[in-house]
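Heads up: the structure comes next, in structure tokens.
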Amino acid sequence: MIEISDKSNLLEQKSYKFSLQDVDEPNFFRDIYNYDQIPKIPFNHRRSPMNMPKEIWITDTTMRDGQQSVEPYTVKQITDLYKLLSKLGGPKGIIRQTEFFIYSKKDREALDKCRDLGLKFPEITAWIRATKEDFRLVKEMKIKETGILVSCSDYHIFKKLHSTRGKVMEHYLSVVKSAFDNGIIPRCHFEDITRADFYGFVVPFINELHKLSEECKIPVKIRACDTLGYGIPFSEVALPRSVPGIIYGIQEYSDIPSEYIEWHGHNDFYKAVTNATCAWLHGACAVNCSLLGIGERTGNIPLEAMVVEYASLKGTLDGMDPTAITEIYDYFRKEIGYDVPPMTPFVGANFNQTRAGIHADGLLKDEEIYNIFDTEKLLNRKVQVTVSKTSGLAGIAFWINSHYNLLGTEKEVSKRSPLIAKIKEYVDKQYEDGRQTLISDKELTDLVEKFSDIKSDIK
């Protein structure tokens, strides 16, 4: 049977109604996930069309998933980070929501402090276990939306919950019904979706959720959780690992609109950012991230990365303030004591820093040659050069010009300056004598001080 599709406005075969496959034996996809081997990537050569929504946004899990891998944040730290999230997301709320734990007194106090700030964005939501009792806390806190963990792979259903697909679905539906009864919007976190039977459990479950939502006249949100980072963004990859297939399938085989579809990923296989972008491109309005990517194991999707991805895809920052990214980095480093790996994009100490003399020479001529964008304007981070045995005359010259704010002025020091030659002589001697460490900023400053006859020319 064919009919005009409301989604594509084309004649299509009437969608097959997927029903729950309540199997006796779990499907662990052992041909893909053989535990003593690296997981395989199967292809089926089916393409899922790109269909990026007109409006996309970011949601945050810094205070929830982010806190699971570090020492708990204080009330003040949570409040400060919330303010920084609001500044970064801008007045349009591109960082739309952030989720909180609500089980401890401290977490509830922090939530109240953030809410008392009166900021429009990010909206505050909660996260709870799939138990009816937990809704009491959500209701008491007067929170309009909460995340609910709903495990969807047979690994979790059979191995963790010691149950069956049918019993688990029945339980989850009753929990969601409790959310509706309390007037709360449920956000169902489909845990381990990249190892789940998509057509035998995920789609039928989503359709039952939507049916319940229609009856109660309260929306239900779907968060597709790539819990172990197995998702693959490549075209023509087969389920259950296909990110395009998952996002397209949720839209195609259910009536859940894009604005209620969200992607949550982890970075176990270095694909967190790419998978999140892929989710946007294939129809999810929201991607769920944490500041600096801090989260379970290898971490979540770095929120600051998706700010840049958003601007790349949309051609605009839409009011977001990326200088807040540097403030966030400084806050984690100075106030929380969290060490960010120096090579981390956009925030690490070395992300726009070079040691190579040939790069420094290019920066002296025009920083655009070797800098990814105007990092000083957009991130409040000047291009930097670290002096080592490979820095050469150009590297030393750039360091001095940058350190003393001489770049672009009439006092800018040439790499042919006598000062540079004298410092280069010192640097070369250090490494000839076996030095392995970098030349510190203090050393370089002292060297400029030492050669006082030249120092006066650059002040």
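Distance between the pseudo-spin-label points of residue 430 and residue 317 (7 Å out from Cα toward the beta carbon): 3.5 nm.
So how tilted is helix 165-181 from the main axis of the chain? Cα-based, degrees 0 to 90, rounded to 10. Tilt of helix 165-181: around 80 degrees.
Axis of helix 303-314 versus longest Cα principal axis of the chain: the two differ by about 80°, to the nearest ten degrees. In the range 1-109, a dipole from Cβ-located charges (positive for Lys and Arg, negative for Asp and Glu) runs towards its positive end, and of 4, 93, 28 it is 93 whose Cα lies farthest in that direction. Since only 240, 284, 184 are under comparison, the one whose Cα sits farthest along the positive direction of the charge dipole of the range 38-336, derived from C-beta charges on Lys, Arg, Asp and Glu, is 184.
As a proxy for reagent exposure, 263, 280 were ordered by neighbouring Cβ count within 10 angstrom, fewest first; the result is 280, 263.
Which of the chymotrypsin sites (Phe, Trp or Tyr not before Pro) found in the range 364-403 are loop residues per DSSP with 14 or fewer other Cβ atoms within 10 Å of their Cβ? Show your work: numbers first, answer last.
On the way: sites: 370, 373, 398, 399; in loops: 370, 373.
When the chymotrypsin sites (Phe, Trp or Tyr not before Pro) of the range 364-403 are filtered for loop state and at most 14 Cβ neighbours within 10 Å, 373 remain.
Specify the inter-centroid distance of the range 1-58 and the range 374-423, based on alpha-carbon positions, in whole Å. With the range 1-58 and the range 374-423 each reduced to a Cα centre, they are spaced 53 Å. Helix 243-252 axis versus longest C-alpha principal axis of the chain: approximately 40°, rounded to the nearest ten.
Residue order for 50, 1, 306, fewest other beta carbons within 10 angstrom first, comes to 1, 50, 306.
Annotation: for a label point projected 7 angstrom from Cα along Cα→Cβ of residue 103, residues of the range 58-79 with backbone N closer than 20 Å are 61-75, 78. Judged by the gyration tensor of its Cα atoms, with axes a ≥ b ≥ c, the range 355-458 is oblate; a/c meets the 1.5 cut and b/c is at least as large as a/b.
Listed here are the pairs 167/211; 132/211; 113/221; which of them are more than 23 Å apart at the Cα? Correct reply: 113/221.
Based on other C-beta atoms within 10 Å, arrange 81, 137 from fewest to most. It would help to have the intermediate numbers written out before the result.
On the way: 81 24, 137 15.
Lowest to highest Cβ neighbour count: 137, 81.
Projecting label points 7 angstrom from Cα along Cα→Cβ for residue 216 and residue 405 puts them 5.8 nm apart. Length gained on full extension, residue 116 to residue 16: 31.2 nm, using 0.36 nm per residue less the C-alpha separation.
In deg cm²/dmol, rounded to 500, what helix-only [θ] at 222 nm does the chain give when every DSSP H run of at least 4 residues adds -39500 (n - 2.57) and the total is split over its residues? If you can, show how the numbers build up before the last one.
Numbers: 15 runs with 164 residues, N = 459.
That calculation yields -11000 deg cm²/dmol at 222 nm.
Cut-off 13 Å, label point 7 angstrom out along Cα-to-Cβ of residue 4: give me the residues of the range 249-276 whose amide nitrogen falls inside. It comes to no residues whatsoever. Taking Rg/Rh (Cα atoms, Kirkwood Rh) as calculated from this structure, the corresponding entry among [x] 1.02; [y] 1.07; [z] 0.98 is [y].
Only lysines eight or more places from residue 424 in sequence, or on another chain, were considered; those with a Cα closer than 19 Å are 389, 415, 442, 450, 455. Cα centroids of the range 66-111 and the range 267-288: 22 Å apart.
Taking the Cα centre of the chain as origin and charging only Cβ (+1 Lys, Arg; -1 Asp, Glu), how large is the dipole, in debye to the nearest 20?
On the way: 60 positive and 66 negative charges, 81 e Å.
So the dipole magnitude of the chain works out to roughly 380 debye.
From Cα pairs below 8 angstrom and at least 6 apart in sequence, can you work out the relative contact order of the chain, rounded to a whole percent? Could the numbers behind the result be given before it?
Details: 820 pairs, mean separation 65.7, N = 459.
The value is 14 percent.
Rule-based calculations on the coordinates, nothing more; no lab input. Everything numeric in this text was worked out from a predicted model, so none of it was measured. Because the Cβ atoms are built from the backbone with ideal geometry, glycine has one as well, and the counts that use them run over all protein chains shown.
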